[in-house]
Amino acid sequence: MAGVFPLATSLDSLGPLSRTVQDAIWIDAAMRGRTAPDIIRTVPTGLSLVVPTTVVMDDAEEGVIRAFEAALAWLSAAGVKVRRAAFPAFDALFQVMAEHGPLVTAEAFALHHCRLAGPEAESMDRRVVARTRLGEKITLVGYLEILKVREQLIKDAASTLGPNELIAYPSVAHVAPALGPLEADDELFVKVNFKTLRNTLIGNFLDWCGVSLPCGKGSAGMPVGFLLSAPKDQDERLLTAALALEDTVAG
């Protein structure tokens with residue numbers, strides 16, 4: 001994280017945007033100071049995935065669900081084990097956010113409160129300013145409770161996983177939306193923005209690592225993402241699996 005300007009120190013992490021998993025592996029190795037990655041391509045057979053039935057599919061677009069389910073079918077045909085399971089930790093995560101506020105908002109406000117109170121706020125996106133200022137309402141007691149609950153939910157989510165299982169669900173519940181309506185309506189922007197972030201913020205809060213793989217198209221021919229995740233510090237296992245699954249998921 002050296003040289004990277006923070007947003008929320010409890011949640012910040014680094015990862016590349018790349019055209020292929022192999023490119024991401026090379027970049028990851030470079031970021032770790034390695035001359036070459038240790039990851040090699042394997043076959044999908046024998047990998048195990050668990051698909052959450054909690055939250056992540058709620059209000060998802062039909063095209064997103066169709067593309068994701070097709071990818072699961074292709075993986076099953078290739079020998080990947082797939083099961084579905086409830087993740088109560090997901091519901092609990094959003095409950096603590098509703099009660100105390102988002103962790104990212106609390107930490108972002110603590111970092112930027114001087115800028116938000118001064119002339120620099122005029123050069124910032126008004127929606128970012130409004131959202132970050134909400135952190136002022138989060139109390140120290142609330143912040144500490146969020147951290148406490150987070151620690152427990154990380155353990156709870158891990159207990160839902162079987163040996164060597166990875167988690168899979170759509171990266172985003174909808175395809176990229178049209179910008180015009182969002183620019184014209186702040187209330188709509190807030191609603192769509194939350195839905196856009198919802199699925200990925202789950203793994204971020206639970207301290208998972210993740211790789212989003214292209215898995216087909218949704219409405220208007222826009223791409224859909226297949227989010228493959230693993231618990232903390234299992235980056236190499238995750239990247240190995242992503243490399244093995246990439247072509248199959250893409251169809």
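Rounded to the nearest 0.05, what FRET efficiency do Lys81 and Phe194 give with R0 = 35 Å and r taken as the Cβ-Cβ distance? Could you check?
It comes to 0.60.
As an exercise, find the ratio Rg/Rh for region 7-50 from alpha-carbon atoms, using the Kirkwood inverse-distance average for Rh.
A ratio of 1.07.
Scaled to the compact-protein estimate 2.2 N^0.38 Å, what is the alpha-carbon radius of gyration of region 1-125, rounded to two decimal places?
The value comes to 1.47.
Which three extents, in whole angstrom, do the alpha-carbon atoms of region 97-208 cover along their principal axes, largest first?
Principal axes ranked by extent give 52, 38, 20 Å for the Cα atoms.
Reachable aspartates and glutamates from Lys137, Cα under 13 Å, same-chain residues fewer than 8 places away excluded?
Partners within reach: Glu99, Glu107.
For helix 235-249, report the angle its Cα long axis makes with the longest principal axis of the Cα atoms of the chain; keep it between 0 and 90° and round to the nearest 10°.
It is inclined by approximately 60 degrees.
Kindly provide the pair-distance distribution of the chain built from C-alpha pairs, with 10 Å bins from 0 and whole-percent values in order of increasing distance.
Over the chain, the share of Cα pairs per 10 Å bin runs 7, 27, 34, 24, 7, 1 percent.
Using a 10 angstrom cutoff on alpha carbons, build the Gaussian network for the chain and name the most mobile of Phe226, Phe189, Phe90.
Phe189
Measure nothing fancy, just the Cα-based angle from helix 62-77's long axis to the longest principal axis of the chain, in degrees from 0 to 90, nearest 10.
Roughly 40 degrees, rounded to the nearest 10.
Can you give me the C-alpha center-to-center distance between region 119-133 and region 227-248, rounded to a whole angstrom?
36 Å
Against the longest principal axis of the chain, how steep is helix 140-160, in degrees 0 to 90 to the nearest 10, with axes from Cα atoms?
10 degrees
Compute the orientation-averaged projected area for region 189-251 from the convex hull of its Cα atoms and round it to one decimal in nm².
Over all viewing directions, region 189-251 projects a mean Cα-hull area of 5.0 nm².
Which trypsin sites (Lys or Arg not before Pro) from region 188-251 combine a DSSP loop assignment with at most 11 other Cβ atoms within 10 Å?
Lys232
How much length is gained if the chain between Lys232 and Ile154 is pulled fully straight, taking 0.36 nm per residue apart and subtracting their Cα-Cα distance, in nm to one decimal?
Difference between extended and current length: 27.2 nm.
Return the lysines within reach of Lys217: Cα separation strictly under 28 angstrom, same-chain partners fewer than 8 residues apart disregarded; answer none if there are no such residues.
Filter leaves Lys81, Lys191, Lys195.
Every read-out reported here was derived from the displayed coordinates using simple, explicitly stated rules and does not represent laboratory data. All values derive from a computational prediction rather than experimental measurement. In this analysis, Cβ positions are derived from the backbone assuming ideal geometry, glycine residues included, and neighbour counts consider all displayed protein chains.
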